[in-house]
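Read-outs: derived from the displayed coordinates by stated rules, not from any lab. Note that the structure is a prediction, hence the values are computed from the model and not measured. Note that each Cβ is placed from the backbone with ideal geometry, even for glycine, and that neighbours are counted across all protein chains shown.
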Amino acid sequence: MNSTNSTLVTGIAELTTNDPELGVLRDAALVLEGDRVAWIGAAAHAPVADDRVDVAGRAALPGWVDSHTHLVFAGDRTAEFEARMSGKPYTAGGIAVTVAATREASDEELLANLRRHTEEALRQGTTCLETKTGYGLSVADEARSAGIAAQLADEVTFLGAHLVPPGADAESYVDLVCGEMLDAVAGSVGWADVFCETGAFDEAQSARVLEAAARRGLGLRVHGNQLGEGPGVRLAVELGAASVDHCTYLSESDVEALAGSDTVATLLPACDLSTRQPLAPARRLLDAGATVALASNANPGSSYTTSMAFCVTTAVLQMGLSVAEAVWSATAGGARALRRDSGDGAVGVLRQGARADLQVLDAPSVTHLAYRPGVPLTWAVWREGGRRR
Ligand code: NIG
């Protein structure tokens, strides 16, 4: 093995790989070389490397893959949160408050805020992160948000269709999103999304946005079925979206459609809790055969957390997932939702050739993520082979 810039991480009591052949390894080690995993196996057979880190009986797993965040924003919505905790319902209308603050902010402020939150996520083990536009809602502000997001996020999604801006006509705004706005963001984004929900965009408007984005070669994602049953999930499946996110309210036919498709159901438990909605039916989806991802939905309105561990804990304690299912969903599931789960440099998995994204817990097994709820367990983090914590 060429040992330039290589690190042997050894003494791993339990190594969750998410690789179907490797499974969960005991007394394991791996070698990170450059930004890739170069070797993985039993500690007793590990090769020599430039550096050696002994994690002394702790558990290791792929870094979290957070496939749904909204982190290009300014401003604060503490008052809205307080009102919600006193019984006021969540509505899409709060988005306009963040739009106003985001438009007011300088590029430097938006970038600094994004950096603060991505670094907060990284310290907690998130090594691959998607983020969205959607708090600009004008051609110039959406293009600016996309450019800022592209500086720090692994994946960037265009969400010009987040809300019809106050005072605008919905159909004319959809025309703008499908034309000039898509053109303006095209160089910075790989994905397009739409908030298909009462109070945001209806089925026909959502379809128009997604079809225009697909014609430009963008991958598709949908915000669907967050506040009630509706057409979001069906539309996402029909149009071959990589993921439909929220899925809090699902009919039997929604579950069946997801189970028979390649569209990932991305569940956002921190959002369900912070908006006092029921938790998404994760168990029903898994039992039906759907692919489930867990993500933070970090944003200042409906889910102001970057903690993927919190999502995993909630999925186990409240949503009926086993620890193994929840950990898979927050790593390999997120990678699948971003179509980054295979090939050279895959994320959410640890095998030779995968991206060297690794987290070590201050615990002997991943079970402690649920067994010790709320306790910060991140002990070490490597992203693209570099130690970040
Ligand atoms: O995913 N549902 C739409 N968008 C965000 C909320 C954004 C906000 O309230 O600012 C979400 O929950």
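Details
- Criterion violated by Gly87 - all others in (1) touching an Asp or Glu at 6+ places or on another chain (Cβ under 7 Å); (2) within 30 Å of Asn299 (Cα to Cα) satisfied: (1)
- Residues of region 249-268 satisfying the condition of being within 15 Å of the ligand (Cβ to nearest atom) and either over 16 Å from Ala290 (Cβ atoms) or out of contact with any Cys (no Cβ under 8 Å at 6 or more places or on another chain) (or both): Tyr249
Residue by residue, here is whether (1) buried (at least 24 other Cβ atoms within 10 Å of the Cβ); (2) without any contact (Cβ under 8 Å) to a residue 60 or more places away in the chain; (3) over 23 Å from Leu25 (Cβ atoms) holds:
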{"site": "Val264", "(1), (2), (3)": "yes, no, yes"}
{"site": "Leu286", "(1), (2), (3)": "no, yes, yes"}
{"site": "Gly289", "(1), (2), (3)": "no, yes, yes"}
{"site": "Ser322", "(1), (2), (3)": "no, yes, no"}
{"site": "Asp341", "(1), (2), (3)": "no, yes, no"}
{"site": "Gly345", "(1), (2), (3)": "no, no, no"}
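- Residues in region 51-84 that are hydrophobic (A, V, I, L, M, F, W, C), within 16 Å of the ligand (Cβ to nearest atom) and either assigned to a strand (DSSP E or B) or touching a residue at least 24 places away in the same chain (Cβ under 8 Å) (or both): 5 in all.
- When Gly199, Gly187, Gly228, Gly217 are checked against the criterion of being out of contact with any strand residue (DSSP E or B) (no Cβ under 9 Å at 6 or more places or on another chain) and touching a residue at least 60 places away in the same chain (Cβ under 8 Å), a single residue qualifies: Gly199.
- Residue within region 296-309 that is among the β-branched types (Val, Ile, Thr), within 25 Å of Thr78 (Cα to Cα) and touching a Ser or Thr at 6+ places or on another chain (Cβ under 7 Å) present: yes
- When Gly125, Gly134, Gly160, Gly147 are screened for being without any contact (Cβ under 8 Å) to a residue 60 or more places away in the chain, crowded, with 24+ Cβ neighbours inside 10 Å and not hydrophobic (A, V, I, L, M, F, W, C), only Gly160 passes.
- Summed over region 85-122, the residues that are under 21 Å from the mean Cα position of the chain (by Cα), surrounded by fewer than 19 Cβ atoms within 10 Å (Cβ to Cβ), over 18 Å from Ser307 (Cα atoms) and touching a residue at least 24 places away in the same chain (Cβ under 8 Å) give a count of 1.
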